[in-house]
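Down below is the structure, laid out as structure tokens.
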Amino acid sequence: MTAKIYDRTIIENIKKWLERPEIIVITGSRQTGKTFLARRILPQVTGKSLRYFNFEDFELRELFRRNPKEFVSSISDKGSIYVFDEFQKAPELAGSLKVLYDSSKEDLPKILLTGSSWPEIQRKVSQSLVGQCVVFQLFSLSFLEKYSFKERDFLRDLVEAGDSYLEALKNDLFFEQNEIKRKFNEYLLEGGYPELGELGKERKWEKLKSIIQAVLEKDLQSLVKSEHLFSSKKLLEILAFRIGNLISFENLASEMQLNIKTVRNLIAILAGLFFVELIYPAASFANEYKKAPKVYFHDLGMRSELTKTRMLPLDHAQMGGLVENFVFSQLRRYAAYRRELKINFWQNYNRNEVDFVLGRGNELFSIEVKYRKTDDKISAGVRNFVERYRPLFHITVTQDYFGSKEMGQCKIYFIPAYAFGMLV
């Protein structure tokens with residue numbers, strides 16, 4: 001069966017660097033398409049031949065270890081792209097490439113490094129390749145990439161066009177909304193790993209399980225002590241049930257009978273393996289949370305497999321958590337692929353909250369997920385935040401309602417969750 005070739009948003013970002021000497025580093029979870037991108041898509045984009053080396057191959061690692069200088073000196077064909085997959089598994093490769101880059105960067109062919117373990121990659125980059133490389137993260141397929149819908153960047157266009165753009169967006173999506181909603185529900189359950197699209201229902205879960213096992217068995221073992229392998233898997237399962245919730249390291253440590261330092265370290269490693277991401281509170285006043293983070297999964301299919309969820313929950317709170325995680329994952333991709341954004345949340349000691357506070361330079365805007373059918377109410381948390389911080393605009397995420405209101409000098413927009421699938 002021929003694998004489907006998806007249009008990946010990241011390609012446009014990478015293309016800007018293909019004619020420059022910098023080494024390109026592509027990170028991301030296993031099975032997100034890094035190798036396919038490097039081996040199949042970029043040669044088509046550039047018209048150059050490919051030279052591919054996979055350092056998961058023990059014999060290749062040994063060949064490099066025995067004579068790294070000779071190995072690196074063979075990187076000489078400017079008509080080729082050299083791809084070093086899982087490069088972090090060859091400890092001296094980054095340093096050898098630095099020497100090569102420093103001595104002859106203008107004469108080098110294009111070099112791509114890929115890897116699925118960010119803690120190890122970050123160490124290699126910080127030690128050897130600072131200033132010589134540009135780093136990209138490849139996520140699993142976004143909603144738009146998976147289903148090939150047209151991009152609608154309302155985070156950009158609402159600033160300039162406001163209500164007229166919102167009305168145009170509503171009309172633009174009107175005839176597609178039933179199909180979008182159906183696929184939206186599918187995506188909430190299955191996520192965006194590229195290979196799932198070719199598989200039947202049961203085999204999708206088998207595939208997701210195999211990806212989790214591959215990461216835990218191949219990547220995790222090199223990052224944690226053997227006695228913490230089981231704890232890491234258990235911690236991952238616990239976090240899967242707490243998406244969108246505040247995380248207390250102290251409570252997790254007590255629950256798992258580990259010390260706090262170990263729990264913090266294990267969560268950092270799970271984040272570095274692209275399972276989860278923590279976001280932290282934005283706070284400028286005394287009565288606001290400043291410490292405890294919230295947790296989200298990069299891919300909802302991964303989360304479904306860990307919780308053994310095979311159908312969408314009927315419970316409103318659980319569904320709201322899934323939608324909130326979906327909005328986060330779209331914002332995270334948008335920040336990586338489109339416009340740099342700092343993503344935080346806000347909550348005060350009266351439990352007023354806003355799910356996402358997005359910052360870019362001097363711009364600030366906020367998003368609250370209230371997954372209800374038709375609701376133009378403004379929550380106490382939003383009112384409190386808007387009065388204190390005066391964001392550029394605020395979006396309340398609904399189930400299917402489009403609308404807007406004024407609150408002082410701030411525009412409040414109501415946009416369905418499925419529309420966030422069009423962002424990136």
_Below 8 Å, C-alpha to C-alpha, sequence gap of six or more: please give me the relative contact order for the chain in percent._
15 percent
*How about the range 119-217: which GluC sites (Glu not before Pro) there are in a DSSP loop, with at most 16 other Cβ atoms within 10 Å of their Cβ?*
Glu151, Glu176
*Quick one: P(r) of the range 156-232 from all Cα-Cα pairs, 10 Å bins, percents rounded to integers, in order of increasing distance.*
15, 25, 23, 18, 16, 4
_All Cα pairs of the range 131-259, percent lying beyond 21 Å_ = 64 percent
*Which of His394, His228 has the fewest Cβ neighbours within 10 Å, and the rest in rising order*: His228, His394
*Considering every pair of different Cα atoms, what Kirkwood radius, in Å, is found for the range 206-261?*
12.5 Å
*Order by neighbour count: Ile395, Ile41, fewest other Cβ atoms within 10 Å first, most last.*
Ile41, Ile395
*May I ask you to evaluate 6.51 cos²θ - 1.76 cosθ + 1.60, the Karplus curve with θ = phi - 60°, for each residue of the range 27-32 and list the ³J(HN,Hα) values in order in whole Hz, giving x for glycine and proline?*
10, x, 4, 4, 6, 7
*asked:* Taking 2.2 N^0.38 Å as the expected size of a compact globular protein, what ratio does the Cα radius of gyration of the chain give against it, to two decimals?
replied: 1.03
*Extent of the range 10-137 along each principal axis, from alpha carbon coordinates, in Å, largest to smallest?*
36, 32, 27
*Determine the gain in length on full extension of the stretch Glu406-Glu176; use 0.36 nm per residue of separation and subtract their C-alpha separation, reporting nm with one decimal.*
79.9 nm
*So which chymotrypsin sites (Phe, Trp or Tyr not before Pro) in the range 273-313 end up in coil per DSSP with only 14 or fewer other C-beta atoms within 10 Å?*
Phe285
*Give, in whole angstrom and from largest to smallest, the semi-axes √(5λ) of the equivalent ellipsoid of the range 1-83, with λ running over the eigenvalues of the Cα gyration tensor.*
24, 17, 12
_Using only the alpha-carbon atoms, what does the range 324-424 span along each of its principal axes? Please give whole angstrom values in decreasing order._
32, 31, 25
*Additional length obtainable on full extension of the chain from Glu250 to Arg372, 0.36 nm per residue less Cα span*: 40.6 nm
*With each pseudo-label sitting 7 Å past Cα toward Cβ, what's the Leu63-Ala161 distance in nm, one decimal?*
5.4 nm
*log₁₀ of I(q)/I(0) at q = 0.13, 0.16 Å⁻¹ - the range 66-124, Debye sum with one point per alpha carbon*: -0.33, -0.50
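Computed from the coordinates by the stated procedures, all read-outs in this text should not be read as laboratory data. Keep in mind that what you see is a predicted model, and the values were worked out from it rather than measured. Glycine also receives a Cβ, built like all others from the backbone with ideal geometry; neighbour counts cover every protein chain displayed.
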